[in-house]
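Structure record follows, encoded as structure tokens.
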Amino acid sequence: MPVQQRRRRQAVQNDEDDEMDQPHPQSPGDVDSDGDAQMAEVGPRDETSQLIKNLVRYALACEYSRTPIRRDGIKEKVLGSHGRDFKRVFAGAQKQLRATFGMELVELPTKDRNLMTAEQKRKAAKSQTQKESASNTYVLVSVLPEAYTTPAIITPSKVQSAKGEAAYVALYTMIIAIITLSGGELSEPRLRRHLTRLNVSENMPSMNPNDETSPSEKTETVLQRMVRQGYLVKVTDSRSAGDEDQTTWHVGPRGKVEVDREVIAALVRTIYGGSHEELESKLQVSLKVRDRKPGVPDAVEEVAEEEAPPNGDPGPSNRRRGRRRQTEADEEESE
């Protein structure tokens, strides 16, 4: 056999051997069962993590504009086709909000039937859904320890201007405190008298007082904003012909959450220049708030409790948890 022919046959045989030795690429159907299981675990986990991040962003965006965070809105704009994962995503978002931002989502109370007019009550009586177990509406509130909830640490947010935000917060806090200390209801004439004493009967500071074109707003405009955002509730009871309509003001669901009784008590102590025994006794009768040591700031009182443990002390962490649980229980009782 000629030499060239033998060399040609040997080269062809070597090429075939190389092709047999090279591994063939696997198709998607060739992946083993262990790989499928790993991919199945990683996929939903990453998807849930992304949904949690989206819910946190959505909650922060709604709070920026003081828009109530509704459960239907969460399902529509965050969860989409994953509506059944609401509880798991909501719990994950709560954990991230507490750890990163010192905030949490709190459900607003349901609408008080006592604030309905006679006509609204008649309509509700005919409706089959006149009782709801939950409002399914949430707002963000701070969960920072009381020692850190001072103006020096928590400054007003800069929605339009920090000065305008501070003025707006002060106004609705004061009005809510007046309504609460008046028994939870304030007539229109009495509200106007209080606004006159505060020198805001006609105009109130705008959300951006630094704006030279509109440093102030009409009082009616600001009150309507407070009603729209849930801080106040305005109830007008229509009278018969010839009689004037009766208008009363109440604390709205958002106002009850943001400006609770402890906040109102702190406002009263600030106005009176501190705490004393007579003031604390009156606050106990009016608001049923926790006892405070007159003349001792809240933060100092908390530190004193930690430095002087009783016999059988369970430890600082358990004490803090106990105080937190007691605070939550007091707030639930006050509501």
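Laboratory data are not the source of any read-out in this text; all were calculated from the coordinates shown. Note that the structure is predicted; figures quoted are calculated from it, not measured. Every residue, glycine among them, receives a Cβ derived from its backbone with ideal geometry; neighbour counts consider all protein chains shown.
Quick look at the values:
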read-out: Local electrostatic count at Pro253 - Lys and Arg +1, Asp and Glu -1, tallied over other residues with Cβ under 9 Å; value: +2
read-out: Additional length obtainable on full extension of the chain from Ser281 to Val169, 0.36 nm per residue less Cα span; value: 37.6 nm
read-out: Highest average packing first - 150-156, 138-144, Cβ atoms within 10 Å; value: 138-144, 150-156
read-out: 3J(HN,Hα) from dihedral phi, region 256-268, Karplus parametrisation 6.51/-1.76/1.60, rounded to Hz, x for glycine, proline; value: 5, 7, 6, 10, 7, 5, 5, 5, 5, 4, 5, 5, 5
read-out: Net +/- balance of residues flanking Leu223 in space, Cβ distance below 13 Å, scoring K and R +1, D and E -1; value: +1
read-out: Relative packing of peptides 266-274, 80-88 - highest average C-beta neighbours within 10 Å first; value: 266-274, 80-88
read-out: Ser81-Gln246 pseudo-label distance in nm [points 7 Å out on the Cα-to-Cβ vector]; value: 5.6 nm
read-out: Rough spin-label spacing in nm, given labels placed 7 Å along Cα→Cβ, for Glu107 and Ser49; value: 3.0 nm
